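Enquirer: Before anything else, here's the structure in question.
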């Protein structure tokens, strides 16, 4: 059975966030949109991973190129 999340108001379904009340959440969202850099740790890691691997496509292209080069060296 799933654990119930506690609310900080004592009323089920109603919660209060001081970060949202002060506008911190909105400011972070706007910064992330304008810069293109996610503000969450997992978002930044995902973005860096996609840049390094080309979204997964770059790795397969490099492997294919290495295989073709190896075959060309063996045949020649």
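No value in this document is a laboratory result; all are computed from the given coordinates. Given the structure is predicted, the values throughout are model-derived calculations rather than measurements. Here Cβ is always computed from backbone atoms with ideal geometry, including for glycine, and neighbour counts include all displayed protein chains.
Enquirer: Calculate, for residue 41 and residue 18, the FRET efficiency according to 1/(1 + (r/R0)^6) with r their C-beta to C-beta distance and R0 25 Å; round to the nearest 0.05.
Expert: 0.75
Enquirer: Quick one: grab the alpha carbon gyration tensor of region 18-75, order the square roots of its eigenvalues as a ≥ b ≥ c, and give me rounded if a/c is under 1.5, else prolate or oblate depending on whether a/b is larger than b/c.
Expert: It is prolate, given that a/c is not under 1.5 and a/b is the larger ratio.
Enquirer: Residue separation times 0.36 nm, minus the C-alpha to C-alpha distance between residue 32 and residue 64: what's the value?
Expert: 7.9 nm
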